[in-house]
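Okay, so here's the structure we're looking at.
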Amino acid sequence: MVKTDWTPAPSDQGAKATKKLLVKSFGCQMNVYDAARMADVLAPEGFSETAAPEDADLVILNTCHIREKASEKVFSELGRLRRLKEERRAEGKDLRIAVAGCVAQAEGGEILRKQRAVDIVVGPQSYHRLPELVRLAADGPVIDTDFPVEDKFNHLTPPSEDRIRTRGLTAFLTVQEGCDKFCSFCVVPYTRGAEASRDVERIVAEAEALTRAGVREITLLGQNVNAFHGRGESNEVWSLARLIERLSEIDGLARLRYTTSHPNDMTDDLIRAHGEAAKLMPFLHLPVQSGSDRILAAMNRKHRAEDYLRLVEKIRAARPDIALSSDFIVGFPGETDEDFEATLALIRAVDFASTFYFKYSPRPGTPGAEREDHVAEEVKAERLARLGEKVEAQRQAFNRALVGRTVDVLFEKPGRRPGQIAGKSPYLQAVQADGPDSMIGDVAAVEIVECGSNSLFGRLTEEAR
Ligand code: SAM
Ligand code: SF4
């Protein structure tokens, strides 16, 4: 039987919290979403959250496998937890350690061999089974890294309104998972599995529940969120644009965002939505990875640099003020100086508002890792620094250009100084302004007066005060 309702539990009081849980997340926003859902699934089992490992009865490391460094972090963290577990044992107490997420999926039982203090290994498609796995772990280590046929989302416990409130005024909502694109550098298709979209009804129910509990901004998540093709009530396929239109109807929800998108799935209706859907914020993270056609082909991206530039033109025609952001990988095998110059040229042509950039990290099992023409580490480092300088200058220029302009800010929390409140501009910039805490949760017009290195500073307009 499939449960279609996503009514949050009125509170967690039903389950007496007797144990403490710490979920530490690494990597992407989908892991942040998953970490919250793991805590929700374990709340009825009597687990309440703590931020201190020393207080925890169960620590879950929700891991990332995207680059080697991310995976390595997990094992150094596990070393620390093993020592904590030993100290606990000496006091006659217990600490259970779980490894969840993409490293768990990729390495499975190998994790138990590398670190024997681990009790549970659970993949990203199986964490709805955590209550059972925790019980089983009392008798010895357990591993669950299946890609189950059933949709895990249908088996997750909705959080209470109290729990949603403690997580703040902005929320993530996963609508799509997995990837069929197989870029030759990327582990995601192997760790998260094939692309799958959630049903529209469930997404709407979850968004409504979040909004009822006070959430004002929702970011729709997916590894390839714009490939969303969820089923509606009559089994018809919905596009992301249609989903955004439907979610825009929710009263009380002020803002919608989505991430991460693939250029090839940027459909005309989604581009149009940027011009038409008032709640959809003018910010788009659209990774291109490289500006060289040769490297794009080797990466199996299935688009050329020029296709990306044309797409950017179309998006800007629909929403002229849109802020664009991207991911770049430098030093993919075979990348020459000329290829790298083509990447810099694309960066100059687009003028990004913000950018993430990485040195290529060979990932076991991916075609890129098998190549023999790897770029030397020092060349990667030099290219990364050059690219970084360029995009950082673009980010600063984008921020500076806002000085003197008035933008809507969604205030999310108290600011750094007393009497200040902090929030985000439509373009995802952090903004601080003088104002009362009572305005937290409001969207108000702010005139930007100063630009810092990571925040903008502004004053509420006459009408907003
Ligand atoms: N689905 C998104 C897309 O198509 O661009 C991104 C998913 S991935 C979680 C986030 C970013 O990590 C990628 O855009 C890429 O820039 C980077 N990345 C993935 N694999 C990498 C690798 N092997 N080495 C370095 N960076 C990598
Ligand atoms: Fe990885 Fe490419 Fe899929 Fe993005 S589109 S998740 S980079 S394989």
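The values are calculated or read from the model by the stated rules, or taken from the named source; none is laboratory data. Computed from a prediction, not measured in an experiment: that's the story for all the values here. As a convention, Cβ positions derive from the backbone with ideal geometry for all residues, glycine included, and neighbour counts pool all protein chains shown.
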Among (1) within 14 Å of ligand 1 (Cβ to nearest atom); (2) in a strand (DSSP E or B); (3) not basic (K, R), the one test that I218 misses: (1)
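Rundown of residues vs (1) of a type in the set (A, V, I, L, M); (2) over 25 Å from E306 (Cβ atoms), yes/no style:
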residue: A213; (1), (2): yes, yes
residue: R216; (1), (2): no, yes
residue: L220; (1), (2): yes, yes
residue: R231; (1), (2): no, yes
residue: L240; (1), (2): yes, no
residue: R255; (1), (2): no, yes
residue: T260; (1), (2): no, no
residue: D265; (1), (2): no, no
residue: H274; (1), (2): no, no
Candidates V99, V118, V188 - the one that is in contact with a Ser or Thr (Cβ under 8 Å, 6 or more places away or on another chain) and under 23 Å from E72 (Cα atoms): V99
E313 vs. criteria in a helix (DSSP H, G or I), more than 14 Å from ligand 1 (Cβ to nearest atom) and farther than 28 Å from F358 by Cα: no
Test: residue in the stretch 195-215 that is surrounded by fewer than 23 Cβ atoms within 10 Å (Cβ to Cβ), among the polar types (S, T, N, Q), more than 15 Å from ligand 2 (Cβ to nearest atom) and more than 17 Å from P158 (Cβ to Cβ): no
Pairs with Cβ under 9 Å, 6+ apart, first in the stretch 289-304 and more than 14 Å from ligand 2 (Cβ to nearest atom), second assigned to a helix (DSSP H, G or I) and of a type in the set (F, W, Y): G291/Y308; G291/F340; S292/F340
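Can you find a residue in the stretch 164-178 that is acidic (D, E), more than 16 Å from ligand 2 (Cβ to nearest atom) and crowded, with 18+ Cβ neighbours inside 10 Å?
no
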Of all residues in the stretch 453-465 being among the hydroxyl-bearing types (S, T, Y) and touching a strand residue (DSSP E or B) at 6+ places or on another chain (Cβ under 7 Å), the one that is surrounded by the most Cβ atoms within 10 Å (Cβ to Cβ): S455
In the stretch 56-75, residue surrounded by the most Cβ atoms within 10 Å (Cβ to Cβ) [restricted to those that are farther than 17 Å from L95 by Cα and either of a type outside the set (A, V, I, L, M, F, W, C) or without any contact (Cβ under 8 Å) to a residue 24 or more places away in the chain (or both)]: T63
G222 being at pLDDT 95 or above, within 11 Å of ligand 2 (Cβ to nearest atom) and either within 24 Å of H274 (Cβ to Cβ) or surrounded by fewer than 21 Cβ atoms within 10 Å (Cβ to Cβ) (or both): yes
Hey, D269 away from ligand 1 (no atom under 16 Å from the Cβ) and surrounded by fewer than 22 Cβ atoms within 10 Å (Cβ to Cβ) or not: yes
E450 surrounded by fewer than 17 Cβ atoms within 10 Å (Cβ to Cβ) and closer than 23 Å to S354 by Cα: yes
Residue in the stretch 244-254 that is in contact (Cβ under 8 Å) with a residue 40 or more places away in the chain, touching a Lys or Arg at 6+ places or on another chain (Cβ under 8 Å) and within 16 Å of ligand 1 (Cβ to nearest atom) present: no
Segments classed as strands (runs of 3 or more DSSP E), wholly inside the stretch 119-200, with at least 2 members that are over 30 Å from G334 (Cβ atoms) and either within 16 Å of ligand 1 (Cβ to nearest atom) or of a type in the set (G, A, S) (or both): 170-174
Count of residues meeting criterion [assigned to a loop (DSSP other than H, G, I, E, B), surrounded by 14 or more Cβ atoms within 10 Å (Cβ to Cβ) and in contact with a helix residue (DSSP H, G or I) (Cβ under 7 Å, 6 or more places away or on another chain)] in the stretch 359-406: 4
